[in-house]
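Readers should treat all values here as calculations from the given coordinates under stated rules, not as data from a laboratory. Everything numeric here is computed off the predicted structure, so don't read it as measured data. With ideal geometry, Cβ positions are generated from the backbone for all residues, glycine too; neighbour counts draw on all protein chains shown.
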Amino acid sequence: MARRIGASLTVKLVGLVGIFVALPIVLYGQFEDADRQMRDLVTRAIQDRSKLISHALAPILEQAQPSTGSGLNAQLAKFTSDGTVLRLMLQPVDGGNFYFVASAPTIRADDVAPELDELARRGILKKLSEACMWDASDELRYKQRDGSVELLTSIIPIKNERGCWVLSSTHTTSEFLNTSIGRPYWETRAVRVAAAIYLVLAVLAVLAAISIWISLRRFRDVAGEIAEGRIGDYAFSQRNVVPELSSVARGFDKLVLDLKRLSRQIRQSAEDNAHSFKTPLAAIQSSLAPVRRSVPLEDQRSRRALEIIDSSLARLLALVNNAQRLDSSAADLVEAPRILVNFTEIVGDATLNFREIMASRDIRLIRRVDDAVMVRRGVLEIALQNILENAISLSPRGSSIVLTLTRNSRSVELQIDDEGPGIEADKIDRVFERYFSSRPNRSDMSTANEASPAGHSGLGLWIVRRNIELLGGRVSAANRIGGGLSVAIVLPRNGD
């Protein structure tokens, strides 16, 4: 069972889906932790640099006048680098609003008011006010009116007698904007590119799995159509659309052709062998006729020898017929179409074929069958014929055979009850074995069977079991209370 589960494609697909789901979750957590550590190092370095700048500016701001913005612009320009924007604002001692004093790079006078409005709208001025009370270092991304994005990395307060100076440091270069500073890690470009690639891989994997599933389903449908005899040769290759499965399709087509060829060869060989054996047997029988007429009636020893020869010839002829029947049945197992048929009609036709022999034996047939019972046809006729022959040959004159056909939600059951001698309890388990026969001599049985119980080779019920099991069913036998044998066949309903 464990080996079967381990070989299941469904189990492997479920495992693959689990890996696809778990892997990004695990990796995302590890990468996020690593990015957080990197981000903390970078922001700490930027903030330390801003503090150094603020310490350098502190003596200058002690003497500077807010009106001398151009001079402060030049001082700030000494500390800027590519992509770094330094802004210096002042909140007077008496509190109130912040005043924009200087920046590097320099901002035009016309752009000062709009930028202050944008900073106020983004809540940055509030952070500046808080920085005058306590350290308010934080990372914040915001968009300027011209559409450019800036990353605020530090807010450093510088307090003196003129009020609270605030030095803010922002960055506009892609080296900073592409990091996760100031935004969730999943919004970074690297994560989104990785997610897109992973999504493409997942889609390709799903498409591959669906393609394999469709191909296997198509092969299953083709196999079903071949079994039902509704499709010609080379069906697998014609229906296959996956180039990688072309060799598999050709292999299946070759197997089907080989099976059909084998079936024809078996049937032809059975006919040839039967003809080869029956011709000399017929010659022997015809040659015995003058010998039988020339033997005097009082020569009992010669008469007994002729009877033994006749009995042996009858046995040989029966064996030849059984061998031909067995081979033909084997050929039918390979080539017979597995189509849905009305089992009720098959049962009715089979009983009509035995109507004359049952009438001659004064055997009454009682049928209790449901209407329109559908099963998958294969070699049902042969199995039903063998069971009826067995029941009729063992039933005494004036007896009855009860044939009951019922169905339920999942299966169909055919039960044939006779009033014959039954089978010894210690032998009933072997009744469906090959070459097993347990026929008593009964004076009220048909003369053909009285001549020699050996005329039955023990293949009939074995063929029944083989054919029924091939159709996914089962067959059993049990002695009836009061005498007789009951044979029950159970088949899947509608061939499912």
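Key figures
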item: Stokes-Einstein translational diffusion, segment 316-422 - Kirkwood Rh over all Cα pairs, 0.692 mPa s, 37 °C, in µm²/s; result: 217 µm²/s
item: Debye log10 I(q)/I(0) for segment 10-62, one point scatterer per Cα, at q = 0.19 Å⁻¹; result: -0.74
item: Cα gyration tensor shape for segment 225-269, rounded if a/c is under 1.5, else prolate or oblate; result: oblate
item: Calculated FRET efficiency for the pair residue 227/residue 48, C-beta based, R₀ 60 Å, to 0.05; result: 0.15
item: Residue 269-residue 33 FRET efficiency (beta carbon distance; Förster radius 56 Å; 0.05 resolution); result: 0.15
item: Shape category assigned to segment 278-376 from the gyration tensor of Cα positions, a/c cut at 1.5; result: oblate
item: Charge tally in the Cβ shell below 14 Å around residue 297, where Lys, Arg are +1 and Asp, Glu are -1, residue 297 excluded; result: +2
item: Contour excess over end-to-end distance, with Cα ends at residue 397 and residue 120 and 0.36 nm allotted per residue; result: 88.4 nm
item: Compactness of segment 160-301, expressed as Rg and Dmax over alpha-carbon positions, Å; result: 41.9, 158
item: J(HN,Hα) series, segment 472-479, from Karplus relation 6.51 cos²θ - 1.76 cosθ + 1.60, nearest Hz, glycine and proline x; result: x, x, 8, 9, 9, 9, 8, 6
item: Highest average packing first - 152-160, 35-43, Cβ atoms within 10 Å; result: 152-160, 35-43
item: Shape box of segment 203-277 [Cα atoms, principal axes, largest first, Å]; result: 67, 21, 15
item: Overall form of segment 233-316 per C-alpha gyration tensor (a/c, 1.5; a/b vs b/c); result: prolate
item: Fully extended contour minus Cα-Cα distance, from residue 106 to residue 389, at 0.36 nm per residue; result: 90.7 nm
item: Inter-probe distance in nm under a simple model that places probes 7 Å from Cα toward Cβ, at residue 62 and residue 289; result: 14.8 nm
item: Gain on full stretching of the segment that runs from residue 476 to residue 352 - 0.36 nm per residue minus C-alpha separation; result: 42.2 nm
